[in-house]
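Below is one structure, written out as structure tokens; the observations come after it.
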Amino acid sequence: MNQKVKSHSDTLKENYLEVMDSADRPLAVLPETEIHRQGLLHRSIIALLYDRQFRLLLKKRSLLQELYPGRWDLSSTGHVLTGESTISAALRQMHTTFSFQPRKLKLITTLKADLSTNFEFISIFDAGRILSPLELNTREVEDIVYVTKQDLRMMVRESPEIITPAVVRIWRKDLLFPKLV
């Protein structure tokens, strides 16, 4: 009996992203792996989720993740796919990761793409407070924790090896905790 053996690459769907110019305008469409290999400019999102006490949700990346497996990361992160808006990407990512649909989504800022952002224009959103339990997608998330500003300060200073570089980078820009008046 002749059976075709599926390779690992046959089971993975390649994501296509838009290559951006330095003004964040689309230039071309390429596979994600090629964009990363060449260090081309592209878009990504971060959606920040909080609990009732305004503690930030960090997710522990699944050990199945290719990049930074087992490390703590920001609430919801991902690339913007071809033809997708940053808002749609943030909504898709939160639904995929947590089956969560925010009541509102507020753009905090968009970081310029450069070496420090891994060549990504990063749109950072405040997705508001979580009022009910989340369903974790265990292919992406191993666990979650809610942290205060002081908790995260200690993690960044004393244990940076347990968090992703993105957490440290965005922490240093003071964009992770809402300014309560």
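The values are calculated or read from the model by the stated rules, or taken from the named source; none is laboratory data. These numbers come from a predicted model, not from an experiment. Counting neighbours? That spans all protein chains shown, and the Cβs are built from the backbone with ideal geometry, glycine included.
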Within the stretch 112-123, is even one residue in contact (Cβ under 8 Å) with a residue 12 or more places away in the chain and in contact with a helix residue (DSSP H, G or I) (Cβ under 6 Å, 6 or more places away or on another chain)?
yes
Of the conditions (1) part of a loop (DSSP other than H, G, I, E, B); (2) at negative phi, Phe54 clears all except one; give me its number.
(2)
Being closer than 11 Å to Glu142 by Cα and at pLDDT below 95 is the filter here; which residues of the stretch 56-96 pass it?
Leu64, Gln65
Can you find a residue that is outside any strand (DSSP E or B), of a type in the set (A, V, I, L, M, F, W, C) and modelled with pLDDT under 95 anywhere in the stretch 28-40?
no
Restricting the first residue to the stretch 53-82 and requiring it to be without any contact (Cβ under 8 Å) to a residue 40 or more places away in the chain and within 19 Å of Leu17 (Cβ to Cβ), which pairs with a second residue that is among the small types (Gly, Ala, Ser) and not in a strand (DSSP E or B) meet a Cβ separation below 9 Å and a spacing of at least six or different chains?
Gly78/Ala89; Gly78/Ala90
Sort through Thr164, Thr138 and tell me the only one that's over 17 Å from Ile124 (Cβ atoms) and of a type in the set (Val, Ile, Thr).
Thr138
Search the stretch 138-163 for residues being polar (S, T, N, Q) and at pLDDT 95 or above, and hand back the single one that is farthest from Arg61 (Cα to Cα).
Gln150
Are any residues in the stretch 17-27 in contact with a Leu (Cβ under 6 Å, 6 or more places away or on another chain) and part of a strand (DSSP E or B), and if so, which ones?
Val19, Met20
So which residues in the stretch 58-86 are closer than 17 Å to His42 by Cβ and of a type outside the set (Ser, Thr, Tyr)?
Glu66, Leu67, Gly78, His79, Val80, Leu81, Gly83, Glu84
